[in-house]
Amino acid sequence: MLRRLALGLAATLLPLAGIGFAAPADAAPTVVTLHYSASGITHYSAQVVQAVKNWDTRLKNVQLVSGGTATIRLHEINGGGSYTNTDGHGHGDIYIDRQQVAQGFDPTRILTHEFGHNLGLPDDYTGPCSEVMSGHGPGTACKNAIPSAAEVATVDANFRNGFAAVAELHSVH
């Protein structure tokens, strides 16, 4: 009890003296909750849920949640290719192209890729199918919609201290 009181007193007084405590190495990271709205999706609702799950089950510092005050909004379009308008900080509009899906591109992979942009990841069309940010680069045979360990680690690093401080991405495919 005395030790707890002494530590509490030190934690209170040391910051006043300009000395701070670092968080323990095993401290839980700050989890940023990003809300999305799929109200603009009519054909790919199940794929949206799966794309979100593909990120949420792997990320430590970010959670994607449907509803609330959505900062990520999803829409369907017919032509022009799937893309995202985003700042890379968890705010943006995702557009999934029905024609692109009809050409054979996997809608869950597309959506996972576009969420990746909203999480601060750039395109890497020369990457392998094992990276969702390789997008349409590997062709229609690539159905992988699971972010690679490196992609997950980058997003977690981007959001380690709250909202990401990454370069603004704007409109990306």
Self-check item: Scope the stretch 55-75; condition crowded, with 18+ Cβ neighbours inside 10 Å and either in a strand (DSSP E or B) or at pLDDT below 95 (or both); matching residues
Solution: 61, 62, 64, 72, 73, 74
Quiz item: For residue 52, are the conditions met, namely being over 23 Å from residue 161 (Cα atoms), modelled with pLDDT of 95 or more and not in a loop (DSSP other than H, G, I, E, B)?
Solution: no
Quiz item: Taking helices (runs of 4 or more DSSP H) that do not extend beyond the stretch 86-173, which have at least 2 residues that are farther than 27 Å from residue 43 by Cα and modelled with pLDDT under 95?
Solution: 149-158
Quiz item: Hey, does the stretch 76-84 have a residue that's crowded, with 18+ Cβ neighbours inside 10 Å, touching a residue at least 60 places away in the same chain (Cβ under 8 Å) and either polar (S, T, N, Q) or touching a helix residue (DSSP H, G or I) at 6+ places or on another chain (Cβ under 6 Å) (or both)?
Solution: yes
Exercise. Hey, can you tell me all the residues within the stretch 102-139 that are over 20 Å from residue 90 (Cα atoms) and surrounded by fewer than 17 Cβ atoms within 10 Å (Cβ to Cβ)?
Key: 102, 103, 104, 125, 126, 128, 129, 130, 137, 139
Quiz item: Assuming residue 6 fulfils every condition listed in (1) at pLDDT below 50; (2) under 20 Å from residue 94 (Cα atoms) apart from one, which condition is it?
Solution: (2)
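The values are calculated or read from the model by the stated rules, or taken from the named source; none is laboratory data. Worth saying up front: this structure is predicted, and the values here are computed from it rather than measured. We place every Cβ from the backbone using ideal geometry, glycine too, and count neighbours over all the protein chains shown.
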